[in-house]
Number of protein chains: 4
Amino acid sequence: MLTVGVIGCGYWGPNLIRNFINLKDARVKICSDLDERRLAHMKQLYPSLLTTTDYREVIRDGDVEAVVIATPVSTHFAIAREALDAGKHVFCEKPLTDSVSDGVALIDLADDRGLVLMVGHTFVFTAAVNKIKELINGGELGDVYYLSTARVNLGLFQEDINVVWDLAPHDISIMDHIINHKAESITATGSDHLGNGLEDVAYVTVFYPDNIIGHIHVNWLSPVKIRQTQISGSKKMIVWDDNSPSEKVKVYDKGIEVVKTTDQIYDTLIQYRTGDMHCPKIPQTEALALETEHFADCIEKGIKPISDGSAGWRVVQMLENAENSIKQRGKEIKL
Amino acid sequence: MLTVGVIGCGYWGPNLIRNFINLKDARVKICSDLDERRLAHMKQLYPSLLTTTDYREVIRDGDVEAVVIATPVSTHFAIAREALDAGKHVFCEKPLTDSVSDGVALIDLADDRGLVLMVGHTFVFTAAVNKIKELINGGELGDVYYLSTARVNLGLFQEDINVVWDLAPHDISIMDHIINHKAESITATGSDHLGNGLEDVAYVTVFYPDNIIGHIHVNWLSPVKIRQTQISGSKKMIVWDDNSPSEKVKVYDKGIEVVKTTDQIYDTLIQYRTGDMHCPKIPQTEALALETEHFADCIEKGIKPISDGSAGWRVVQMLENAENSIKQRGKEIKL
Amino acid sequence: MLTVGVIGCGYWGPNLIRNFINLKDARVKICSDLDERRLAHMKQLYPSLLTTTDYREVIRDGDVEAVVIATPVSTHFAIAREALDAGKHVFCEKPLTDSVSDGVALIDLADDRGLVLMVGHTFVFTAAVNKIKELINGGELGDVYYLSTARVNLGLFQEDINVVWDLAPHDISIMDHIINHKAESITATGSDHLGNGLEDVAYVTVFYPDNIIGHIHVNWLSPVKIRQTQISGSKKMIVWDDNSPSEKVKVYDKGIEVVKTTDQIYDTLIQYRTGDMHCPKIPQTEALALETEHFADCIEKGIKPISDGSAGWRVVQMLENAENSIKQRGKEIKL
Amino acid sequence: MLTVGVIGCGYWGPNLIRNFINLKDARVKICSDLDERRLAHMKQLYPSLLTTTDYREVIRDGDVEAVVIATPVSTHFAIAREALDAGKHVFCEKPLTDSVSDGVALIDLADDRGLVLMVGHTFVFTAAVNKIKELINGGELGDVYYLSTARVNLGLFQEDINVVWDLAPHDISIMDHIINHKAESITATGSDHLGNGLEDVAYVTVFYPDNIIGHIHVNWLSPVKIRQTQISGSKKMIVWDDNSPSEKVKVYDKGIEVVKTTDQIYDTLIQYRTGDMHCPKIPQTEALALETEHFADCIEKGIKPISDGSAGWRVVQMLENAENSIKQRGKEIKL
């Protein structure tokens, strides 16, 4: 039975608490938040839960083996370090930190202490993403050519981070999970329309080896909500529409074929191929349930999480450099 | 009665011939193509049309007042120069030339001779684009924030130009037409997956004054056909779906409002506003009919076309610099 | 402060309990169900709620002023009669009863006792339906021509009622609410594919005066979920797609115009008219909140509910006769 | 080389002429129409085509072996009879005749003379319909449960026939082609909103053996264009959206399973099954090309067409009885 303490009960924390409580082999003993109203709300939902406005009480609690952090990103590093220092396993919401250097420090600390450090890259635990990964790894797509994704709507403006830090962690963690290559460099553009220096529209390009290219469009100012990803390979092509209630992942048996010819004019001939479309059944499991279960599993078995500190660090590295590139109007930054 | 000669009867030329023939005050006397089969086809459709494999015959024909050029882009400059030199008005398909310097030369030549030089930016004559321009100019959108457009499908690969030169002229000419500012700089990324050095996927960002940003996604490798443009302003937002048979332009009464407050924590408060959506009727006129009529009008009245040589040059400038930026992995290029 | 007792805590009862609890001037004192597990669940959610397996305890409770019935339809009549006999106001889920004669008895009883009898026609309280009613009553549609609706999906088969009794109460209550005429007759067809005598697919036509016609397609065997209604009038036409998250009601400025001519061949000339489409903002209020509030209001102010016993009776009359018509393969039945 | 004469060059005739001309082994020698402007138009398109305002010239022409009839339905019988009497094969547009008895006469006449009589049920030659027929015949759907179809839009009102005679021939011929049972009876409802006695909205139910049920919604007064058909079977379910440019036929691996149990409460248990969706590639052949080729083939080989006189007669029988049922407000009519 894993005993968990949760720091931060705002928008996302209660979902984590609910899911940890639902695990067969875990319990949530204590949670903290600066806002007493949030604590009262948690107490009403779970009368036996201890609450406190001092997050250090969560870390200091002798029963607590794992600390779950769902606070603003600027506080992640300090809280996670204290928790690891106190010998607790840490589950931290994404993005792991607000700087690359802090991320390294947390990874090292967890490694030194032999503790599990996991980042809440929830999409990595969705059935859609895992179906796509399975199709890529199984060779069904052939060589991956590009991944292009849009995550746009009339969104909740954040007061302290731009749209890249807010929305792109989803897409970057997905790309990191399904593209089996290390990104080489990044370039990004964006614009701020409210005059507060925080971009509300941004476009990020990630370069991988073998001419694989990833592109992310994040946007708080779109009249319509779009959550769409295209992934094309040499054999098949995927469109993933996360808004679609029933036909999320479509696999198109479409592509191009390059035929080498001896024709005197062109030495390559490009042919199109179109076939059936297939829409595999995607189980309707809650990703968060799998994610919290995975964290408990990793602690019990002493293994590295799928979304471990390094994965979290790679996402932060991309975010930091995307922001740098935006400030330099699209300058390429090597990773 | 304007007498027209057409050079190039491949994919697009026949559409131009048909539309010029349909004009009340114009006739097509002669057309040329290197391929005799194309000429035979035109002859079958219009028995009285003269045909030739030598484009110079079209230019030299004493009756021909206006030369229409629908040949591969690499030949535009030479043919257009000869035609202008011969004192003919010129309608040239987009892009005007394959280099910025050639474009300038044509503009100067046309100006010196007092001839009309028009570029076939067909979208500028569509009812949808003009409805959008009307909404922007009438102030209904408020300040324009961004324009984001996608023109993707499993496309016809070109043997000599990349996807930017092939598809982006549409989007660039649209942006040039509806955004009432001069672009300041451009940055682009892209990738080539067939190994012939011609990008098949590309992303272009255009920076305008006042933090207006334009973004274009062009792609020959998409399993689905998308022709979608979003334009957001401070008051309303537009989604234009050119694939939709009946509801092409949707105007959303949505936006954000920045309220200055005296609150001690934040000095701005951002509020969302959502209202009705309106889908104006878009007349189903053929853009090409309006375009050819406009060319004839400009000749008759001695006025500059909407899509004149300068507009053509601005598009070429963007294309050339987008390509340069792609080769330098997103380097910003001042315009 | 209205004191409510709820009979039936299966699928729908908990939603009613939650909404009555959320009312400012109401409380739920006691609830009953035959299944102890359901009662335990309710107790867990609302520790102060009394529970019982004997519905008569709810009716007998001296504090309870209003009884809410959310049990299988075959039990509605007996329970509602007992509650009214005991002097309680009654809110009964749809359909009110399983026979027309029982419905009349309940209406009479409520009238005699001066008690409120309301039926849970929830759709009548949705923002979409009320927007449509407003458009019709305001004359924007002109004369209503027809209403055609589909409510289909791979549905929950019921063990004791056919698809008409299960799904059509929604559509019939909507038609009853928005069409300002009394239905004249009904005809229906359907089919049973499981051999249990309960139709799983059915088509119902309702005839109104002035050639207004209503048609309902209900279906438990559809691979896709459709909740779509078309309403055409002489001036405008509506499409209501209840599945659409953001563009539920579309109003088309389309129609036909009949022009009387003196032409010798035809004495009428029909012309088409197409204009803009408009999508009014539909507030995202929970219909059930408005419905429960309306019940409390009616009790407090002594007024008839919008969905009173008579409305409930009219729906039952249609259901009963639709079923009769199906058994007679489409025979028209006068209402 | 088959020599064809065409009677009627209005809306559809030119399409037939074009397709017969495109056949390798056929030519069109002569065509007729009452409207000289239509004939001039045909002459312009095909200068060698003979034209006449007297359809009897087409029939009398000694070279003409086959007469193609694309005139208003009320004239089909007289023209087809004359052509058969003159020993010509006949291709007649749908519906074959405007009465059942006339249809029988034509079938008998063609049989007596050993001539081919084919009806232009074009949908029977579409790739979509044939894919669906293949799935049904191959057993992939299991037992067919129902077919439900909608063909609605703001349509061209006909001056002499109602919406059933105008639009339902498509759906009835499709049902006749893919459901391998003889229809038992028909019932229909509809309404006329222009006061000319011609229904503009109608709903038709067709009863087949084994509880198979077909339903057709045809409508000239819909603000949106819908061409959708659902077909459910015991194993799989199909949705065919003929408006969709690329994903016309979707096959859902969904259904219900009836499990016999020994449970004391219910002796059947219904279970749902949902799996993948599959969208087979549908070739983009023009149905009319296949249809005209089939006619030429049948003449050459002396075989019965797929859409022969009997198929045409069955469609007319349904149309006639649907109209009768509408006039009797849904009365079932045995076939």
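The values are calculated or read from the model by the stated rules, or taken from the named source; none is laboratory data. A quick note: this is a predicted structure, and the numbers were derived from the prediction, not measured. Glycine also receives a Cβ, built like all others from the backbone with ideal geometry; neighbour counts cover every protein chain displayed.
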**Message:** Looking at the structure I just gave you, is C:ILE270 over 23 Å from the mean Cα position of the chain (by Cα) and over 17 Å from C:VAL206 (Cβ atoms)?
**Reply:** yes
**Residues satisfying the stated conditions in region A:7-33, i.e. in contact (Cβ under 8 Å) with a residue 24 or more places away in the chain, of a type in the set (D, E, K, R) and within 18 Å of A:ASP297 (Cβ to Cβ)** = A:ASP25, A:ARG27
**Prompt:** Applying the selection to region D:156-179, what residues are surrounded by fewer than 20 Cβ atoms within 10 Å (Cβ to Cβ), closer than 30 Å to D:LEU135 by Cα and among the charged types (D, E, K, R)?
**Reply:** none
**Prompt:** Would you say A:THR187 is more than 28 Å from C:SER246 (Cα to Cα), more than 11 Å from the chain's Cα centre (by Cα) and not hydrophobic (A, V, I, L, M, F, W, C)?
**Reply:** yes
**Scan of region C:180-206 for residues that are within 14 Å of chain D (Cβ to nearest Cβ), surrounded by fewer than 24 Cβ atoms within 10 Å (Cβ to Cβ), within 27 Å of D:GLY197 (Cα to Cα) and in contact (Cβ under 8 Å) with a residue 40 or more places away in the chain, ordered by number** = C:ALA183, C:GLU184, C:SER185
**Request:** Would you check which residues across region C:310-335 are within 12 Å of the chain's Cα centre (by Cα) and either small (Gly, Ala, Ser) or within 17 Å of C:LEU198 (Cβ to Cβ) (or both) and list them?
**Result:** C:ALA311, C:GLY312, C:LEU319
**Request:** Among the residues of region D:60-114, write down those that are over 20 Å from D:GLY302 (Cα atoms), basic (Lys, Arg) and touching a strand residue (DSSP E or B) at 6+ places or on another chain (Cβ under 8 Å).
**Result:** D:LYS94
**Message:** Can you tell me which condition B:THR149 does not meet? The list is (1) in contact with an Asp or Glu (Cβ under 6 Å, 6 or more places away or on another chain); (2) modelled with pLDDT of 95 or more; (3) assigned to a loop (DSSP other than H, G, I, E, B), and all the others hold.
**Reply:** (3)
**Prompt:** Looking at (1) in contact with an Asp or Glu (Cβ under 8 Å, 6 or more places away or on another chain); (2) over 30 Å from B:VAL100 (Cβ atoms); (3) part of a strand (DSSP E or B), can you tell me which one B:GLU300 breaks?
**Reply:** (3)
**Item:** Some residue of region D:220-227 being assigned to a strand (DSSP E or B), closer than 30 Å to C:CYS279 by Cβ and among the charged types (D, E, K, R)
**Value:** yes
**Item:** Residue in region B:136-146 that is surrounded by the fewest Cβ atoms within 10 Å (Cβ to Cβ), counting only those that are more than 10 Å from chain A (Cβ to nearest Cβ) and within 24 Å of A:ALA202 (Cα to Cα)
**Value:** B:GLY142
**Request:** Go through region C:178-219 residue by residue and tally those that are within 26 Å of C:GLY120 (Cβ to Cβ) and either outside any loop (DSSP other than H, G, I, E, B) or of a type in the set (S, T, N, Q) (or both).
**Result:** 17
**Complete:** The one condition A:MET175 fails out of (1) in contact with a strand residue (DSSP E or B) (Cβ under 6 Å, 6 or more places away or on another chain); (2) part of a helix (DSSP H, G or I); (3) closer than 30 Å to B:TYR252 by Cα is (3)
**Message:** Here is a list: C:VAL119, C:VAL90, C:VAL58, C:VAL104. Which entry is over 30 Å from C:ASN180 (Cβ atoms), crowded, with 16+ Cβ neighbours inside 10 Å, at pLDDT 95 or above and not hydroxyl-bearing (Ser, Thr, Tyr)?
**Reply:** C:VAL58
**Request:** Only residues that are among the hydroxyl-bearing types (Ser, Thr, Tyr) and within 14 Å of chain D (Cβ to nearest Cβ): list them for region A:270-302, please.
**Result:** A:TYR272, A:THR274
**Item:** Of all residues making up region D:212-258, the number that are more than 11 Å from chain C (Cβ to nearest Cβ), of a type outside the set (D, E, K, R) and surrounded by fewer than 21 Cβ atoms within 10 Å (Cβ to Cβ)
**Value:** 4
**Message:** Please verify whether B:GLU36 is free of Cβ contacts under 8 Å to residues at least 40 places away in the same chain, surrounded by 16 or more Cβ atoms within 10 Å (Cβ to Cβ) and over 25 Å from B:ALA311 (Cβ atoms), treating the condition exactly as stated.
**Reply:** no
**Request:** Would you check if there is a residue in region D:161-170 being hydrophobic (A, V, I, L, M, F, W, C) and within 24 Å of D:GLU286 (Cβ to Cβ)?
**Result:** yes
**Message:** Filter region B:249-280 down to the residues that are modelled with pLDDT of 95 or more and part of a loop (DSSP other than H, G, I, E, B) and list them by number.
**Reply:** B:PRO280
**Request:** Look through A:VAL104, A:VAL4, A:VAL58, A:VAL64 and report the one residue that is hydrophobic (A, V, I, L, M, F, W, C), touching a residue at least 24 places away in the same chain (Cβ under 8 Å) and closer than 15 Å to A:GLU293 by Cα.
**Result:** A:VAL4
**Request:** Look through region C:117-146, keep the residues that are assigned to a helix (DSSP H, G or I) and among the aromatic types (Phe, Trp, Tyr), and return whichever of them is nearest to D:HIS217 (Cα to Cα).
**Result:** C:PHE123
**Asked** Is it the case that A:PRO305 is away from chain B (no Cβ under 12 Å), touching a helix residue (DSSP H, G or I) at 6+ places or on another chain (Cβ under 7 Å), at pLDDT 95 or above and not in a helix (DSSP H, G or I)?
**Response** yes
